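Read the structure below first, then the notes.
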Amino acid sequence: MNGALLILKKEYLELSKDRRTLFFTFVMPLILYPVIFFMMSRLGSQDAAARSGRPSRVCLTDPSQVLGQPLRAEPKLFQVVPRPPGDLRQALRDQKVELSLEVDPDGAAKLARSETLAVKVLYDDSDESSKLALDRFKGLLGRQETVWVQARLGRLGASPQLAVPVKLETVEAGGMSLFLGKLIGSFLPYLLMIMMYAGAMQHGIYATAGEKERGTLLSLLSTRLPRTQIIIGKLLYIFSIGILSALVNLLSMALSVGRLVATADAHPAAVTGVAALATPSALGLTFLLMVPLGLFFANFILLGGIQARNTLEASTALTPGIFVVVFLGVFSMAPGIEKLAWLPYVPVLNVSLAIRKLFSQQANGFEYLVALAMTLVLAGLMTWISTRMLNRESALFRV
Amino acid sequence: MIRLEDLHKTFLVKDKRTHAQRRIEAVRGISLEVGPGEIYGLLGPNGAGKSTTLRMIAGLMRPDRGRIEVCGVDTVRRPEEARALVGYLSTDLGVYSRFTPRELLRLFGEFQGLDARVAERRGMHLLEELDLMDFADVRMEGFSGGQKQKVSIARALLHDPRVVIFDEPTTGLDVLTAKTVLDLLRVMKAEGRAVVVSTHVMPMVEAICDRVGIIFDGGLHGDAPPREILARWGVGSLDEVFFKLAEARA
């Protein structure tokens, strides 16, 4: 094992000499995520504030003056504007107005006769301001409908309560913490997988196919170090760099999200919810699952790297692995997969499921242990295959 | 010190056109012995089997058949032990360019089981002998071929090996660097080490080799002092021996 540790030391020493790679591996993520999150939140909150702070511009065609008065009664929400010249749809797309309302020309008479009033609404579903205007109008209409219905009931001498047959009371059982847990649990496995694989891949290629390409592998093999230890040393390097990359990226994201939640006008429950999720046990159990999974990925990279003639070939061979990891990640984010009875027994995917359940207060000890044991066995098996296959001259001397 | 007995090595190669696999016998039935204080030259054209033979002696490759002993250690059964006795220099001029020679030698000393400080001391001594002390703390990124070769030689000799195997040590070097290498080989001979070198450079063979073996098509042709080989083939230079072998094959 001492030889493997010496190889690991060599790899990290080599990495430490390359400041640019060090920067992009460990420092860049710490800068990148806070900057991206800050910009996104800034832009998002500015846009939302701008939308909610001003009234929606409504183009109203209402010859019988049914809706004009209620709309003008709420100047903070609506601004009735004249119809823009030209095509109304284009005016909506050009954001000259947010909503166009066309009321039945005979509307007032119909209301008086207790008939149904028709209102045609034109809006742009792709525009957030237009959707907000529609929501505001639906709210206004709901309130106005109650007034009209209660007036009709009054004319008939019936109780105004007839207009409100049900009073709905909702109590949220999960809370913000559970909501956030499910959200994080669905994308955390995906992030972990992609960061571990992508973070380790280039370093793995440099340490394997790169050694062949630079003509240094023979000098390493000619030392007294047993080959198995050289291979295990390389494996440890790829594995540890994958774990470190994932941790640095996650740490940066967690800090960015935490800062965002703390500084933004977030729901108070969101702050306590995030704090409730980051328990040492949940994080520790997640890390425990990452270890064999990272080892599995490291073996895959090692196999592809040493079998290749050069870095280009290794890169070509290993890049499709990213798509496989993305697929696994997307699958693990799919809604309802936790209900699939066979999923706890599918390697790699059961890791996603276990992490997902850890964060959604549905942790199942048996399923967690199955995922851990299966991934450990798989990683062990892959390590055995790697050390056997890569010990072959056909792999080491393939140039 | 080095004993090869009936060495065979075959490679499977894939024909790019027909995609059929075929066997190439890189080494067939090579037997030779090299004693302490002797420089043995392995000559032969490209692809003749020189490097494969040297890699097998250095414990990097396993023969399909035959036996190799280095200082009495079987390289197939005890490859790590054998490699500890051998200083091997390959044809690749690759060095870990992010390191300085001092860092590289320190690290490789540890790989060879030396204490880091001892390795560094030995490494600096070798760099001095190779006239590279001024560059001991310079990153090797911009090193010339000759400078890289000198660092590689220091790396190969760091653990004070009793057997030295240099695969084409002067290829691509300027005359001054080549002379430094040849002088070093003479020193190693004087120190009683067994040295095997492969080369294309005939004057080098005639200048330093005690015995030569010519590898052609994987087989060893002649195993004698250079003058004896010339006399046996009735030619004036070793180049002509190659030509005669090529004619005989045709």
ask   = Is it true that B:VAL201 is among the aliphatic types (A, V, I, L, M) and modelled with pLDDT of 90 or more?
value = no
message = Would you confirm, using the coordinates I've provided, whether B:ALA48 is within 14 Å of chain A (Cβ to nearest Cβ) and either at pLDDT 90 or above or within 15 Å of the chain's Cα centre (by Cα) (or both)?
response = no
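Yes/no matrix, rows are residues, columns are (1) at positive phi; (2) surrounded by 15 or more Cβ atoms within 10 Å (Cβ to Cβ); (3) within 14 Å of another protein chain (Cβ to nearest Cβ):
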| residue | (1), (2), (3) |
| --- | --- |
| B:PHE11 | no, yes, yes |
| B:LYS14 | no, no, yes |
| B:ALA20 | no, no, no |
| B:VAL27 | no, yes, yes |
| B:LEU32 | no, yes, no |
remark   = Per the filter on segment B:201-219, residues over 14 Å from B:PRO45 (Cα atoms), surrounded by 19 or more Cβ atoms within 10 Å (Cβ to Cβ) and of a type outside the set (A, V, I, L, M, F, W, C) are B:ARG211
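In segment B:111-139, how many are assigned to a helix (DSSP H, G or I) and either touching a residue at least 60 places away in the same chain (Cβ under 8 Å) or farther than 24 Å from A:LEU5 by Cα (or both)? Steps first, please.
Here is the first cut: in segment B:111-139, the ones assigned to a helix (DSSP H, G or I) are B:111, B:116-129, B:133-135.
If we keep only those that are either touching a residue at least 60 places away in the same chain (Cβ under 8 Å) or farther than 24 Å from A:LEU5 by Cα (or both) too, we end up with B:124-129, B:133-135.
Within segment B:111-139, residues that are assigned to a helix (DSSP H, G or I) and either touching a residue at least 60 places away in the same chain (Cβ under 8 Å) or farther than 24 Å from A:LEU5 by Cα (or both) number 9.
So which of B:VAL163, B:VAL76, B:VAL138, B:VAL118 ends up being modelled with pLDDT of 95 or more and surrounded by fewer than 19 Cβ atoms within 10 Å (Cβ to Cβ)? Explain how you work it out, then say what you get.
Numbers: B:VAL163 fails: surrounded by fewer than 19 Cβ atoms within 10 Å (Cβ to Cβ); B:VAL76 fails: modelled with pLDDT of 95 or more; B:VAL118 fails: modelled with pLDDT of 95 or more.
Answer to the check: B:VAL138.
Tell me the strands (runs of 3 or more DSSP E) entirely within segment B:1-110 that contain at least 2 residues that are under 27 Å from B:SER144 (Cβ atoms) and touching a Cys at 6+ places or on another chain (Cβ under 6 Å). Talk me through it step by step, then tell me what you get.
Values: elements: B:2-14, B:21-34, B:39-43, B:65-70, B:86-89.
The strands (runs of 3 or more DSSP E) meeting that bar are B:39-43.
State whether the residues of segment B:104-111 include one that is under 21 Å from A:LEU390 (Cα atoms), more than 7 Å from every other protein chain (Cβ to nearest Cβ) and crowded, with 17+ Cβ neighbours inside 10 Å.
As a first pass, look at segment B:104-111 and keep what is under 21 Å from A:LEU390 (Cα atoms): B:111.
Keeping just the survivors that are more than 7 Å from every other protein chain (Cβ to nearest Cβ) gives none.
Within segment B:104-111, none of the residues are under 21 Å from A:LEU390 (Cα atoms), more than 7 Å from every other protein chain (Cβ to nearest Cβ) and crowded, with 17+ Cβ neighbours inside 10 Å.
Condition check ((1) in a loop (DSSP other than H, G, I, E, B); (2) closer than 30 Å to A:ASP87 by Cα; (3) of a type in the set (Lys, Arg); (4) at pLDDT below 85) across all residues:
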{"position": "A:ASP125", "(1), (2), (3), (4)": "yes, yes, no, no"}
{"position": "A:LEU132", "(1), (2), (3), (4)": "no, yes, no, no"}
{"position": "A:GLY139", "(1), (2), (3), (4)": "no, yes, no, no"}
{"position": "A:ARG152", "(1), (2), (3), (4)": "no, no, yes, no"}
key: Filter result (farther than 19 Å from B:ASP92 by Cα, of a type in the set (D, E, K, R) and outside any helix (DSSP H, G or I)) within segment B:140-179   = B:ASP160, B:ARG162
key: Filter result (β-branched (Val, Ile, Thr) and within 14 Å of another protein chain (Cβ to nearest Cβ)) within segment A:350-399   = A:VAL399
inquiry  = What are the pairs with Cβ atoms under 8 angstrom where one residue, in segment A:221-232, is more than 9 Å from every other protein chain (Cβ to nearest Cβ) and the other, located anywhere, is outside any helix (DSSP H, G or I) and at pLDDT below 90? Sequence gap at least six, or different chains.
reply    = A:THR228/A:ASN391; A:GLN229/A:MET1; A:ILE231/A:ASN391; A:ILE232/A:MET1
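Scan segment B:84-94 residue by residue and report those that are at the interface with chain A (Cβ under 7 Å from one of its Cβ atoms) and either over 17 Å from B:LEU184 (Cβ atoms) or surrounded by fewer than 22 Cβ atoms within 10 Å (Cβ to Cβ) (or both).
In the first step, residues of segment B:84-94 are kept if they are at the interface with chain A (Cβ under 7 Å from one of its Cβ atoms); the result is B:84, B:88, B:90, B:92-94.
Passing the criteria: B:ALA84, B:ASP92, B:LEU93, B:GLY94.
Given the options B:GLY172, B:GLY234, name the one that is touching a Gly at 6+ places or on another chain (Cβ under 8 Å) and not β-branched (Val, Ile, Thr).
On the way: B:GLY234 fails: touching a Gly at 6+ places or on another chain (Cβ under 8 Å).
Unique residue meeting the criteria: B:GLY172.
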Whichever residue in segment B:112-138 is more than 30 Å from B:ILE2 (Cα to Cα) and of a type in the set (A, V, I, L, M) and, among such residues, is nearest to the other protein chains (Cβ to nearest Cβ) = B:VAL138
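Considering only segment B:184-201, I want to know if a residue exists there that is in contact with a Gly (Cβ under 6 Å, 6 or more places away or on another chain), of a type outside the set (A, V, I, L, M, F, W, C) and within 14 Å of another protein chain (Cβ to nearest Cβ). Working first, answer last.
Quick first cut of segment B:184-201, residues in contact with a Gly (Cβ under 6 Å, 6 or more places away or on another chain) only: B:189, B:192, B:197.
Next, only the ones that are of a type outside the set (A, V, I, L, M, F, W, C) stay: B:189, B:192.
Checking which are within 14 Å of another protein chain (Cβ to nearest Cβ) leaves us with none.
No: zero hits.
Please list, ordered by residue number, the helices (runs of 4 or more DSSP H) wholly in segment A:335-399 having 3 or more residues that are at pLDDT below 80. Explain how you work it out, then say what you get.
Working: elements: A:349-359, A:365-390, A:393-396.
Ranges flagged: A:393-396.
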Failed condition for B:THR53, given (1) at pLDDT below 90; (2) surrounded by 15 or more Cβ atoms within 10 Å (Cβ to Cβ) = (1)
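The values are calculated or read from the model by the stated rules, or taken from the named source; none is laboratory data. Everything quoted here is computed from the prediction, not taken from an experiment. Note: ideal-geometry Cβ built from the backbone for every residue, glycine included; neighbour counts use all protein chains shown.
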